[in-house]
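Peer 1: I'd like to ask you about the structure that follows.
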Amino acid sequence: MVKDIDTIYGKMVRETNKQMGSVKLPGRFSLEKAKKLEHIRIKTYDRILARELRAIPKQFPDFDQLNQFQKALVEVYAPLDRVKAEIGKIPAILRIAASVRDEALWRIARAKKLSEVKAARQMYLGRIWHVLKKNKPTFDFLRKLHRVVRKFPKLRYDEKTIVLAGFPNAGKSTLLRALTGSEPEIASYPFTTQDLMIGHFEHHFQRFQVIDTPGLLDRPVESMNPVELRAVAALQHLADVVVFLFDPEQGLDEQRDLLTKVKEIIRAPVIVVLNKADLLDDPSAVARRVGAELAISAETGEGVEALRERILRELGWYHG
Ligand SMILES: Nc1nc2c(ncn2[C@@H]2O[C@H](COP(=O)(O)OP(=O)(O)O)[C@@H](O)[C@H]2O)c(=O)[nH]1
Ligand SMILES: [Mg+2]
């Protein structure tokens, strides 16, 4: 979590008060002793503040090291340059805080009266709060960014990725299970209320990742807000191939519209498949009508291996 400025400032003050409670200097009260105590206090404020500020950039990945998909997801939130600039403000704030500290220490060292010692602390706290407040937009920006980055799906980026698309109930989840032989893992997806479902299969010691996108690549693009749309478009950097499933039990024209839209937002090869062939007398006639190159049944497994071969061939991994 990235803390807000009130929390950071409050922590600095409270932790310092607590630590100062156990600082005991020998001897009777004197200006020299007050100066020593105030010196320790300012250094303590500074140490806690610096610790809090340095913790912020550490909570983010190195944005230059992200892959295309992750970068596209960041850019749904804000341009990468802006992100880097905002993170870069933290070291700048640290430098200002250090100079405020040095000035306070200098004033304490020069103080001739107790009131001057006290004024140094007031100056320090006032200026630190002012710097934090002036940079509040940066802290707020980074707080939101962190919530987005934390939601990044845990994916295997070394695996070729097959993304499933098609109407709700077309059989995507059933196909995912048929291709991978396992229950899918669930990964959250930023900017949407939806989760991704992920499965894996192996072919010739190479692993492949299959992703079902419920609520994303199964509904009219017109119903998405611009943020969701960009989040969905980011999937094209992930998809090495898209498998679009037609459901013969639902409106074929509407499904054709969705296919057109999917092709517009995801620039990856699309394999069009007719599912639920087991429900049809003449699957190949329906397949021809919708432009599907294969008719399968995710439920019975019929045609699933042919589809796998087709996918592997598209990815350059099928060698007979
Ligand atoms: N008869 C038949 N039913 C299927 C087939 N594939 C999926 N179904 C059924 O269709 C319904 C929706 O499937 P599901 O995989 O959840 O669709 P999704 O919403 O696209 O993920 C379920 O009741 C499945 O059992 C199929 O090939 N044949
Ligand atoms: Mg599903």
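Peer 1: I'm told Lys71 meets every condition in (1) charged (D, E, K, R); (2) more than 30 Å from Asp212 (Cβ to Cβ); (3) at pLDDT 95 or above except one. Can you identify the failing condition by its number?
Peer 2: Lys71 satisfies all of (1) charged (D, E, K, R); (2) more than 30 Å from Asp212 (Cβ to Cβ); (3) at pLDDT 95 or above except (2).
Peer 1: Now for a different question. Would you check which residues across the stretch 1-37 are among the β-branched types (Val, Ile, Thr) and under 30 Å from Phe141 (Cβ atoms) and list them?
Peer 2: Val2, Ile5, Thr7, Ile8, Val13, Thr16
Peer 1: Let me ask another. Please go through the stretch 199-217 and give me each residue that is within 16 Å of ligand 1 (Cβ to nearest atom) and open to solvent by 20 Å² or more (accessible area, probe 1.4 Å), ordered by number.
Peer 2: Pro214
Peer 1: Which of the residues belonging to the stretch 154-178 are open to solvent by less than 40 Å² (accessible area, probe 1.4 Å), away from ligand 1 (no atom under 12 Å from the Cβ) and either closer than 16 Å to Ala298 by Cα or in contact (Cβ under 8 Å) with a residue 60 or more places away in the chain (or both)?
Peer 2: Residues satisfying the conditions are Leu155, Thr161, Ile162, Val163.
Peer 1: Counting just the residues of the stretch 116-140 that are over 21 Å from Asn17 (Cβ atoms) and free of Cβ contacts under 8 Å to residues at least 12 places away in the same chain, which one comes out surrounded by the most Cβ atoms within 10 Å (Cβ to Cβ)?
Peer 2: Across the stretch 116-140, the extreme among qualifying residues is Glu116.
Peer 1: Still on this structure, I have one more. Does Leu274 fit the bill of being open to solvent by less than 20 Å² (accessible area, probe 1.4 Å), free of Cβ contacts under 8 Å to residues at least 60 places away in the same chain and within 16 Å of ligand 2 (Cβ to nearest atom)?
Peer 2: No.
Peer 1: Then there's this: Select from the stretch 141-153 the residues that are buried (at least 18 other Cβ atoms within 10 Å of the Cβ) and not β-branched (Val, Ile, Thr) and write down the one among them that is nearest to ligand 2 (Cβ to nearest atom).
Peer 2: So in the stretch 141-153, the residues buried (at least 18 other Cβ atoms within 10 Å of the Cβ) come out as 141-142, 145, 149, 153.
So of that shortlist, the ones also not β-branched (Val, Ile, Thr) come out as 141-142, 145, 153.
On the way: Phe141: 35, Leu142: 35, Leu145: 30, Pro153: 16 Å.
For the stretch 141-153, the residue satisfying everything is Pro153.
Peer 1: Looking at Pro190, Pro226, Pro184, can you tell me which residue is away from ligand 1 (no atom under 16 Å from the Cβ) and in contact with a helix residue (DSSP H, G or I) (Cβ under 7 Å, 6 or more places away or on another chain)?
Peer 2: Among Pro190, Pro226, Pro184, only Pro190 is away from ligand 1 (no atom under 16 Å from the Cβ) and in contact with a helix residue (DSSP H, G or I) (Cβ under 7 Å, 6 or more places away or on another chain).
Peer 1: Please state which of the following conditions Gly215 fails to meet, knowing it meets all the rest: (1) over 20 Å from Thr300 (Cα atoms); (2) more than 12 Å from ligand 2 (Cβ to nearest atom).
Peer 2: The failed condition is (2).
Peer 1: Ok, one more. Within the group Ser188, Ser223, which residue is polar (S, T, N, Q), without any contact (Cβ under 8 Å) to a residue 24 or more places away in the chain and open to solvent by 30 Å² or more (accessible area, probe 1.4 Å)?
Peer 2: Step by step, each of Ser188, Ser223 is checked, and only Ser223 is polar (S, T, N, Q), without any contact (Cβ under 8 Å) to a residue 24 or more places away in the chain and open to solvent by 30 Å² or more (accessible area, probe 1.4 Å).
Peer 1: Which of the residues that make up the stretch 288-320 are in contact (Cβ under 8 Å) with a residue 24 or more places away in the chain, part of a helix (DSSP H, G or I) and over 37 Å from the mean Cα position of the chain (by Cα)?
Peer 2: Arg289
The values are calculated or read from the model by the stated rules, or taken from the named source; none is laboratory data. Please read these numbers as outputs of a predicted model, since none were measured by experiment. Note that we place each Cβ from the backbone using ideal geometry, even for glycine, and neighbour counts take in every protein chain shown. SASA here: full protein model, heavy atoms, side chains in, ligands and nucleic acids out. Shrake-Rupley method; radii C 1.70, N 1.55, O 1.52, S 1.80 Å.
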